[in-house]
Amino acid sequence: MNRMEFIFATAVILFVAFCLGWFAGWLVNRFTRVTKAEIGELDRMAQALHEAEETRDQAITYLQQREAEMTTQLSQTEAELRAAMDGLRDARREAEELRAYIERQNA
């Protein structure tokens, strides 16, 4: 193979490689092309996602407030229960003292 044939073979190989690269790029562009309708759809989806996130954030805030209210109410109810139990204990002790006093008076 002389020098001219080598240059010609190299040129043909480079041209074929260029054509394959160009074709591959065209295929990638063809399959990944985004149309205006798809952009509109993506915009609508982004807007819906944004609204869903806002709704989720509002729901989380509401649940946190409700949980704080319920915790406060539970604490108050437990305090009232303790006070009622203390009162009941005192009333039972007083009733027992009165029974003992009455039994001593009758005896």
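The values are calculated or read from the model by the stated rules, or taken from the named source; none is laboratory data. Quick caveat: nothing in here was measured; it's all calculated off a predicted structure. For neighbour counting, all protein chains shown are included, and Cβ atoms are generated from backbone atoms with ideal geometry for every residue, glycine included.
Annotation: MET1 fulfils all but one of (1) at pLDDT below 95; (2) in a helix (DSSP H, G or I); the unmet one is (2). So is ALA24 surrounded by 10 or more Cβ atoms within 10 Å (Cβ to Cβ) and assigned to a helix (DSSP H, G or I) or not? Yes: the conditions hold for ALA24.
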